[in-house]
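Student: This structure is in structure tokens; I'll ask about it shortly.
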Amino acid sequence: MSQYFISADIGGTKVLLQAAEATEGGMQVRYERRYPSRDYPDFSDILRDFLDRAAMAGAGGNPASACFAVAGPIMQQRATLTNLPWVMDSAVIAHEFSIPDVKLINDFKAVALSIEILSASDFMSLQAGKLYDKEMGVVLGAGTGMGVAWLIWQDDRYIPLPTEAGHVDFAPANELQDHLLQYLRKKFGHVSVERLLSGPGLTNIFEFLNFHHRNDAPEPVQASLGGDCAARVADLAFNHKHPLAVMAMNLFVEIYGAYAGNLALSTLSRGGVYVAGGIAPKIIDKLKEGGFMKAFCDKGRFSALMSEIPVRVVMNPEAGLLGATREARRMLLEK
């Protein structure tokens, strides 16, 4: 039987693909490649190119198993991606590429699968707290969208449970956030957490502040944000100290911390809160300033309890790929 397997982390911005081979007691990566998601009409075009390149790199033959982590809900092994016009079906992929065993998993389930195998250097602590073995944990992260997965201890290991908790209602915590909700409600109708805690969400916050302070703010800059609006807002905040961009970043971090605290409080996540996704590592210094943890712990009578929950940022950008690879290897070994 072939010991060759593939895995992928598929998001609205990028696709990371890896080909590996199971070895005695471990695995050996044979080929890895990154693709810009929006440059391709569907995933099959990417996978076809990757398999051709992997074969040329020495990962010959058809893979025996494949696990693809996708940013979107999965129903009966079929997924419509939230931030891409793609539909993926594991049975269709298996037939098209002659792969015996193909599995789709939620992207944050994949991140959650990586938590146990990441090294200490892959984390940055925001709050040491006290970690309780076998207690529930939660993994969340803002990127192109907002992903969330629970970690539940079962038998002798943590089992990740995927969710779509990024689409729950945004809960404002003060008067400014009340105005933000009203502004976004006029724009979107339903205002989910993802409308704020994501790359597009940071842009929404910045545009709101330009509107809210239109009579007393410096010259508005939204017209010159360019293609990657969130990156431009971050640049304005960190490198140019633009007052509204700095305010937007602070507000983003406060909302992020409050939401992470809500998730932790929902299940008493004494097994840890893990902040992943593409944005957190890029703004780690801002997260460490204190606004995130202040909002996280600001839960009234339960503030003391919140200060005991460990909070870590996942700094490894390939955590989702590592989780998908772990699952693809497990699929291979359990045949």
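Student: Tally the residues that are hydrophobic (A, V, I, L, M, F, W, C) and closer than 30 Å to Arg312 by Cβ, restricting the search to region 81-125.
Tutor: Total meeting the criteria: 15.
Student: Among the helices (runs of 4 or more DSSP H) lying completely within region 21-132, list those that include at least 1 residues that are acidic (Asp, Glu) and either touching a Cys at 6+ places or on another chain (Cβ under 6 Å) or under 30 Å from Pro310 (Cβ atoms) (or both).
Tutor: Here the list reads 107-114.
Student: Output the number of residues of region 200-250 satisfying the condition of being outside any helix (DSSP H, G or I), open to solvent by less than 50 Å² (accessible area, probe 1.4 Å) and at pLDDT 90 or above.
Tutor: Total meeting the criteria: 1.
Student: Looking at (1) modelled with pLDDT of 95 or more; (2) aliphatic (A, V, I, L, M); (3) open to solvent by 70 Å² or more (accessible area, probe 1.4 Å), which is the only condition Leu131 fails?
Tutor: Of everything listed in (1) modelled with pLDDT of 95 or more; (2) aliphatic (A, V, I, L, M); (3) open to solvent by 70 Å² or more (accessible area, probe 1.4 Å), Leu131 misses just condition (1).
Student: Can you tell me how many residues within region 33-76 are under 20 Å from the mean Cα position of the chain (by Cα), more than 15 Å from Ala328 (Cα to Cα) and not β-branched (Val, Ile, Thr)?
Tutor: Summing the residues that are under 20 Å from the mean Cα position of the chain (by Cα), more than 15 Å from Ala328 (Cα to Cα) and not β-branched (Val, Ile, Thr) in region 33-76 gives 11.
Student: Within region 267-280, can you find the residues that are part of a helix (DSSP H, G or I) and either at pLDDT 95 or above or surrounded by 20 or more Cβ atoms within 10 Å (Cβ to Cβ) (or both)?
Tutor: Listed by number, the list holds a single entry, Ala280.
Student: Still on this structure, I have one more. Among the residues of region 1-36, which ones are of a type in the set (S, T, N, Q) and either crowded, with 20+ Cβ neighbours inside 10 Å or out of contact with any Gly (no Cβ under 9 Å at 6 or more places or on another chain) (or both)?
Tutor: Selection gives Gln3, Ser7, Gln18, Thr23, Gln28.
Student: Next up: Considering Asn250, Asn316, which residue is of a type in the set (S, T, N, Q) and within 30 Å of Pro63 (Cα to Cα)?
Tutor: Answer to the selection: Asn316.
Student: Could you list, in sequence order, the residues of region 1-18 that are over 22 Å from the mean Cα position of the chain (by Cα) and closer than 20 Å to Leu104 by Cβ?
Tutor: Those that are over 22 Å from the mean Cα position of the chain (by Cα) and closer than 20 Å to Leu104 by Cβ: Tyr4, Phe5.
Student: Tell me whether region 170-180 contains one or more residues that are open to solvent by less than 10 Å² (accessible area, probe 1.4 Å) and within 18 Å of Glu327 (Cβ to Cβ).
Tutor: no
Student: If Ser303 passes every condition in (1) in a helix (DSSP H, G or I); (2) modelled with pLDDT of 95 or more; (3) open to solvent by 60 Å² or more (accessible area, probe 1.4 Å) but one, which one does it miss?
Tutor: Every listed condition holds for Ser303 apart from (3).
Student: Return the total of residues in region 95-128 being surrounded by fewer than 19 Cβ atoms within 10 Å (Cβ to Cβ) and of a type in the set (Gly, Ala, Ser).
Tutor: 6
Student: Only one of these is touching a residue at least 60 places away in the same chain (Cβ under 8 Å), of a type in the set (Asp, Glu), part of a loop (DSSP other than H, G, I, E, B) and open to solvent by 40 Å² or more (accessible area, probe 1.4 Å): Glu254, Glu308. Name it.
Tutor: Only one candidate qualifies: Glu308.
Student: May I ask you to verify whether Ser114 is at pLDDT 90 or above and touching a strand residue (DSSP E or B) at 6+ places or on another chain (Cβ under 7 Å)?
Tutor: Spelling it out, it is not the case that Ser114 is at pLDDT 90 or above and touching a strand residue (DSSP E or B) at 6+ places or on another chain (Cβ under 7 Å).
Student: Can you name every residue in region 81-90 that is closer than 18 Å to Ser7 by Cβ and either open to solvent by 50 Å² or more (accessible area, probe 1.4 Å) or under 17 Å from the mean Cα position of the chain (by Cα) (or both)?
Tutor: Passing the criteria: only Leu81.
Student: For Ala260, only one of the following conditions fails: (1) in contact (Cβ under 8 Å) with a residue 60 or more places away in the chain; (2) in a helix (DSSP H, G or I); (3) in contact with a helix residue (DSSP H, G or I) (Cβ under 7 Å, 6 or more places away or on another chain); (4) open to solvent by 20 Å² or more (accessible area, probe 1.4 Å). What is its number?
Tutor: Failing condition for Ala260: (4).
Residues are listed down the side, and each one gets a yes or a no for (1) out of contact with any Pro (no Cβ under 8 Å at 6 or more places or on another chain); (2) within 25 Å of Ile46 (Cα to Cα):
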| site | (1), (2) |
| --- | --- |
| Leu84 | yes, yes |
| Val92 | yes, yes |
| Asp101 | yes, yes |
| Asn106 | no, yes |
| Ile115 | yes, no |
| Ser119 | yes, no |
| Gly129 | no, no |
| Val138 | yes, no |
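Student: Follow-up. What do you reckon, is Arg53 closer than 30 Å to Met146 by Cα and open to solvent by 80 Å² or more (accessible area, probe 1.4 Å)?
Tutor: no
The values are calculated or read from the model by the stated rules, or taken from the named source; none is laboratory data. For clarity, every value in this text was computed on a predicted model and none was experimentally measured. Heads up, the Cβs are rebuilt from the backbone with ideal geometry, glycines too, and the neighbour counts pull from every protein chain shown. In case anyone asks, the SASA skips ligands and DNA or RNA and just uses the protein heavy atoms, side chains included. Shrake-Rupley method; radii C 1.70, N 1.55, O 1.52, S 1.80 Å.
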